[in-house]
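Undergrad: Quick one: structure below, then a few questions.
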Amino acid sequence: MLKQRIITALILAPAAISAIFYLSLINFAAVMLVVMAIGAWEWGPLMGFASKRRRLAFVGITSILIATLWYMLPIEQLWQEPKLLREQVNFALWLAVAWWLLSAGLTYLYPRCSKFWSSHRSVRGLFGWLTLVPTWLAFMVLRSSDYQIDNYHGAQLLMFLFLMVWSADVGAYFVGKSVGKRKLLPNVSPGKTLEGFLGGVIFACATVAIAGYFIDWSIAQYKIVIPVTILITTISVLGDLNESMFKRQAGVKDSGSILPGHGGVLDRIDSLTATAPIYALCYAYLGW
């Protein structure tokens, strides 16, 4: 399994980095729409959809929602001015924050408060849209930041988000495997430990600090980015646990099998769905 994970990661990471840096805004937006559509396809079984027809309908509605958002909020105009988001964009991202706060409560209390949402497919579908649609928007917000001044500025922002999430994932995996004893939320994900979580946060902070050293960050930048890293890596665990909760309720081990060793697309981007909107807001309000 570990060998498969590494091979898939070695293929997936360069592809993702290339898309972030070399695709135009409109092409990047289209690729991310496809990624969210695949995520919607994989969300189908989490809603209890067994038929392809129903899953395709959910994919279609999700794609229409994103396309409508794209039409109403053109990606070249998401920023009113540098470091100032348009009011509608700001609202959409804060709506995502509200969803993830609710999600944190549902995850922590699981299975005590699962009866209502688990028995209503429409509620689980709404949860899927609140997870996937703001993720697309957050990626566009970050990639389009200062785009007219520096085409690669937004790409660098996204790479730091990936660096935070990926390094936390790696750190948590190896620390959890080696010294993990105390379960984080055994009712949701028995394999996750408190030691793994802390190891992931520390490893992510160290990795970001080293990256900052090589690009000559100031002390002021470190004072902003390190706390943001702690916040983002903590929230990334929520994204992972949230998907685990839905999979456990649906009796599903992986969201899909498209990525050998990793499962489905949702299994790979679950942490990003939680962190991207909050990371975008952190940058909009704090900057660095």
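The values are calculated or read from the model by the stated rules, or taken from the named source; none is laboratory data. Owing to the predicted nature of the structure, the values given are computational and were not obtained by experimental measurement. Glycine also receives a Cβ, built like all others from the backbone with ideal geometry; neighbour counts cover every protein chain displayed.
Undergrad: Search the stretch 106-119 for residues being in a helix (DSSP H, G or I) and touching a helix residue (DSSP H, G or I) at 6+ places or on another chain (Cβ under 8 Å), and hand back the single one that is surrounded by the fewest Cβ atoms within 10 Å (Cβ to Cβ).
TA: Applying the filter and picking the extreme gives Phe116.
Undergrad: Does Ser103 fit the bill of being among the hydroxyl-bearing types (Ser, Thr, Tyr), within 24 Å of Tyr283 (Cβ to Cβ) and not in a loop (DSSP other than H, G, I, E, B)?
TA: Working: among the hydroxyl-bearing types (Ser, Thr, Tyr): yes; within 24 Å of Tyr283 (Cβ to Cβ): yes; not in a loop (DSSP other than H, G, I, E, B): yes.
Answer is yes for this residue.
Undergrad: Also: Under 8 Å by Cβ, and 6 or more places apart or on different chains, what pairs join a residue from the stretch 70-90 that is over 18 Å from Tyr285 (Cα atoms) with one that is part of a loop (DSSP other than H, G, I, E, B) and at pLDDT 95 or above?
TA: Leu73/Arg86; Ile75/Ser144; Glu76/Ser144
Undergrad: With the requirement that a residue be assigned to a helix (DSSP H, G or I), without any contact (Cβ under 8 Å) to a residue 12 or more places away in the chain and either under 20 Å from Tyr279 (Cβ atoms) or under 14 Å from the mean Cα position of the chain (by Cα) (or both), what does the stretch 120-161 give you?
TA: His153, Gln156 - these are the residues of the stretch 120-161 that are assigned to a helix (DSSP H, G or I), without any contact (Cβ under 8 Å) to a residue 12 or more places away in the chain and either under 20 Å from Tyr279 (Cβ atoms) or under 14 Å from the mean Cα position of the chain (by Cα) (or both).
Undergrad: Among what's in the stretch 134-156 and is in contact with a Ser or Thr (Cβ under 9 Å, 6 or more places away or on another chain) and crowded, with 21+ Cβ neighbours inside 10 Å, pick the residue that is farthest from Leu101 (Cα to Cα).
TA: Gly154
For (1) in contact with a helix residue (DSSP H, G or I) (Cβ under 9 Å, 6 or more places away or on another chain); (2) closer than 28 Å to Glu87 by Cβ, each residue gets a yes or a no:
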{"site": "Ala138", "(1), (2)": "yes, yes"}
{"site": "Ser144", "(1), (2)": "yes, yes"}
{"site": "Ile149", "(1), (2)": "no, yes"}
{"site": "Val170", "(1), (2)": "yes, no"}
{"site": "Pro186", "(1), (2)": "no, no"}
{"site": "Gly196", "(1), (2)": "yes, no"}
{"site": "Asp216", "(1), (2)": "no, no"}
{"site": "Val225", "(1), (2)": "yes, yes"}
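Undergrad: Pick from the stretch 194-244 the residues that are under 18 Å from the mean Cα position of the chain (by Cα) and of a type in the set (Ser, Thr, Tyr): which of them is surrounded by the most Cβ atoms within 10 Å (Cβ to Cβ)?
TA: The qualifying residue surrounded by the most Cβ atoms within 10 Å (Cβ to Cβ) is Ser236.
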